[in-house]
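> Please read through the structure below; I'll follow up with questions.
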Amino acid sequence: MRLLFVFFLCRARSPVHFGKGRCIKPLSSHFDFPGHTLSLERTITDPESLLQFCRASRWIYYLVMESKTLRYQIELALSGMKDGPPSEHPAPARLEQLLTYKKAWPALTWSREDRLEISRPTIMGVSGGFFYHASEDSDHDFQWTLELYELRSFRMGRSASSLRHFKFNVSFDINDVLIDLSQNLLVLVELDQPNSAIPICARLRCHDLWTFAVHPSASARLFTLQTHWWGPLRPGQHVYVKQVQICGRRIALAMRLEMVEGGEGSTEIVIVDWHGNKTKRWSADVLSFQFVNESRILVALQSSERSDGHLARRPSLNDRQTTACASKGTLTPRLILCDISNFAEQSFSWLRVYKLPETWKALSSIDIRPNLSPIDGTRMTSGTYFYPDPSGRIAVISVDFNLNEIPDGHSQHIVLVLEESFLRPAMRNEPTVLAWSQWGQHCLLRNISDRVYSYSVIGRRLILLESVEDTISPRSRLRAIEFNPRSVGYAQSNLGSQPAWACSSRGTTLSSHIQSGKIPPRVRSNSIDVDDAFMFGATEDNLVLFHEDEDGTLVRILTFGKAPTTRARYRGSRPT
């Protein structure tokens, strides 16, 4: 019935002839224009279906443009967004915010800028919509002071005066901070490097974000994760926390032990079910990961481990210090989609293996750049207008080659971009292990300048920070690259003399054709120069730039979207 109704609407603006001398008058002579719009609003609630009907009929397109409710649905589909939870914010208000949002990010034009001047912290960063910094405090019994500032967001529909600021006293060294606002979860990571012959370990603490008490869903006050490396470290060895991610009831942590000179070493990944106090782990020479969902994880590695369908746990080592920093494996680097749902089994079950080119064996690093957009929309914060469609996320893998073994046609640094939805288990009669020639056509590759020193991925957007040469004073350049399958006809962006995007063969998921010397038609890029920044953080609404000055660190918080008329106030502290 729905399709039949739309069919009659499609034919409503022109007479329908049924032979010589016979015709039926247009439906528009019998129905009023607003009535058709109201019928469409009630009949078609799926943005994708509405978009297809607009492409099929110009008259339906005109109807949609007359209704802010319908146009909002179309703009969601064109922008790769999903509508947020029901709230008091009507569709016209959401549409106004969405139109500003979709124009501001590609052009890198922010609406508001807040500044914080802080003394040099020990650690700082951005997580879960908060800026955090922590520093040692020698004047009190506790060891650290942790401060959290909630970042402004025009998509959240909250008043600017409600931005929260927290300050907690912590009695241990903090190595990393993660926040999941949808679960009111604050995760603190501590790395213990003993001076005696006991295992090096990491400790996770799961706190309630608002009270700093133990999170009510945490099965333990403290999660101790032992590595296969033992203290004390030998001269020239270094252990650090490489990655931490949260996905629902899973927390994944990667630690790396490497030689200061040469970069050789070993990486361990530990996944914790913090609701059930269960763990899984894996070790390899070079490792990086990203959650696909709570039961699957994507791992990038190069290793000499056996290829038996599982990622085996590395056994106890007699000469641990020698083996931990063994030379890298010589196997072809690969991406592996793993099943992590069964915690009764310590190993990671392989669902599918995607081999990278054979010429990429001489790697110094391979890293999956974490996508910061939501993995699913079931835990969306109340009041959110809209959010990036989880099914449209991209996966970005950065690869660095050894300087003296760079493959032909490549720079020392490259990025590989593919649709996250492409990564799925093998179906019946499909191979579990895919060679590069079997799946490389679904990727885009780009040579990256040596000047790029920071990455961030949000939804279908890749943001780079690079140094600018030939300037009187030090400068940095922000570059935003958007991969939007709905966008066509974009002009070539100002990419300078950088090498063009390339793919291994014609016909890709992200772009149907790539011309020499041009970027793909569905890839849009823009850049802007800013004051010299040594790092940056990103959310779906913000860019946070960190600048060094004489007194400490200047933090610039840039917010995108339609700004309200009132100024933001942080509870407990006011930005300068």
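> I'd like to know which of Leu108, Leu151, Ile123 lies farthest towards the positive end of the charge dipole of segment 68-165, counting +1 on Cβ of Lys and Arg and -1 on Cβ of Asp and Glu.
After comparing all options, I get Leu108.
> If you don't mind, there's one more thing I want to ask. Please give the net charge around Pro425, taking every other residue with its beta carbon less than 11 angstrom from that of Pro425, where Lys and Arg add +1 and Asp and Glu add -1. Before the final figure, lay out the partial values.
Working: positive: Arg296, Arg352, Arg424, Arg428; negative: Asp339, Glu430.
Residues close to Pro425 contribute a combined charge of +2.
> For segment 145-246, with the dipole built from +1 on Lys and Arg beta-carbon atoms and -1 on Asp and Glu ones, taken about the Cα centre, which of Ser217, Thr227, Ser161 lies farthest toward the positive end?
Ser161
> Along the charge dipole of segment 365-406, which of Leu403, Thr384, Ile368 sits closest to the positive end, that is, farthest toward it, with unit charges on the beta carbon of Lys, Arg, Asp and Glu (+1, +1, -1, -1)?
Thr384
> If you roll a 1.4 angstrom probe over the protein chains with everything in place, what fraction of the accessible area of segment 319-441 belongs to carbon and sulfur, to the nearest %? Please list the in-between numbers first.
Working: 2500 of 5130 Å².
Percent of accessible area from carbon and sulfur atoms in segment 319-441: 49.
> Right, next: Going by accessible area, probe 1.4 Å, with all protein chains left in place, what is the ranking of Trp229, Trp436, largest first? Write down the numbers at each step before the final one.
Details: Trp229 5, Trp436 45 Å².
Correct descending sequence by accessible area is Trp436, Trp229.
> Moving on. By accessible area of protein heavy atoms, probe 1.4 Å, what ranking do Met255, Met380 get, highest first?
Output order, biggest surface exposure first: Met380, Met255.
> Top to bottom by accessible area (1.4 Å), largest first, where do Val399, Val241 land?
Values: Val399 0, Val241 25 Å².
Accessible-area ranking of Val399, Val241, largest first: Val241, Val399.
> Would you mind classifying segment 384-445 by shape? Square roots of the alpha carbon gyration tensor eigenvalues, ordered a ≥ b ≥ c; an a/c under 1.5 is rounded, otherwise it is prolate if a/b is larger than b/c and oblate if not.
It is oblate, given that a/c is not under 1.5 and a/b is not larger than b/c.
> Please compute the alpha carbon radius of gyration of segment 55-200, then divide it by the globular-protein estimate 2.2 N^0.38 Å. Two decimals is fine. Can you show the working numbers first?
Values: Rg = 22.2 Å, N = 146, 2.2 N^0.38 = 14.6 Å.
Cα-based Rg divided by the globular estimate yields 1.52.
> Using modelled backbone amide H atoms (1.01 Å from N, in-plane), which distant-in-sequence or interchain residues come within less than 5 Å of Phe536's amide H?
Amide H neighbours of Phe536: none.
> Quick check for me: using +1 on Lys/Arg Cβ and -1 on Asp/Glu Cβ, what's the dipole size of segment 332-430 about its Cα centre, in debye to the nearest 20? Don't skip to the answer; put the middle values down first.
Working: 9 positive and 12 negative charges, 37 e Å.
Taking the Cα centre of segment 332-430 as origin, the dipole is about 180 debye.
> With all protein chains present, calculate the accessible area of Ser365 using a 1.4 Å probe and round the result to the nearest 10 Å².
Estimated to the nearest 10 Å², Ser365 gives 30 Å².
> Roll a 1.4 Å probe over the protein heavy atoms and report the accessible area of Asp367 in Å², nearest 10.
Only protein atoms counted, so the area is about 30 Å².
> Ignoring ligands and nucleic acids, what accessible area does Arg249 show with a 1.4 Å probe (Å², nearest 10)?
Spelled out: Arg249, probe radius 1.4 Å, area about 80 Å².
> Moving on. Hey, what D do you get for segment 70-120 in µm²/s if you plug the Kirkwood alpha-carbon radius into Stokes-Einstein at 4 °C and 1.567 mPa s?
Numbers: Rh = 13.0 Å.
For the chosen part, D equals 100 µm²/s.
> In the structure displayed, which of Lys68/Lys103; Lys82/Lys103; Lys242/Lys280; Lys103/Lys167; Lys280/Lys361; Lys82/Lys355 lie more than 24 Å apart, Cα to Cα?
Values: Lys68/Lys103 18 Å; Lys82/Lys103 17 Å; Lys242/Lys280 17 Å; Lys103/Lys167 36 Å; Lys280/Lys361 27 Å; Lys82/Lys355 33 Å.
Over 24 Å apart, Cα to Cα: Lys103/Lys167; Lys280/Lys361; Lys82/Lys355.
> How many Å² of accessible area per residue for segment 140-188, probe 1.4 Å?
Working: 1710 Å² over 49 residues.
Heavy-atom accessible area per residue stands at 35 Å².
> Moving on. How much net charge surrounds Asp180 when only the other residues with a Cβ under 12 Å from the Cβ of Asp180 are counted, with Lys and Arg +1 and Asp and Glu -1? Kindly include the intermediate steps, with their values, before the conclusion.
Numbers: positive: Arg249, Arg250, Arg379; negative: Asp208.
Value of the local net charge: +2.
> Ordered by residue, what ³J(HN,Hα) values in Hz, to whole numbers, does segment 285-291 give under the Karplus form 6.51 cos²θ - 1.76 cosθ + 1.60, where θ = phi - 60° and Gly and Pro are x?
Per-residue couplings from phi come out as 5, 10, 9, 8, 8, 7, 5 Hz.
> Rounded to the nearest 5, what % of the DSSP beta bridges within segment 71-154 are antiparallel ones?
Working: 12 of 12 bridges.
The antiparallel proportion sits near 100 percent.
The values are calculated or read from the model by the stated rules, or taken from the named source; none is laboratory data. Not measured: the values here are computed from a predicted model. Glycine gets a Cβ as well: all are built from the backbone with ideal geometry, and neighbour counts include every protein chain shown. With ligands, DNA and RNA removed, areas are computed over all heavy atoms of the protein, side chains included. Shrake-Rupley method; radii C 1.70, N 1.55, O 1.52, S 1.80 Å.
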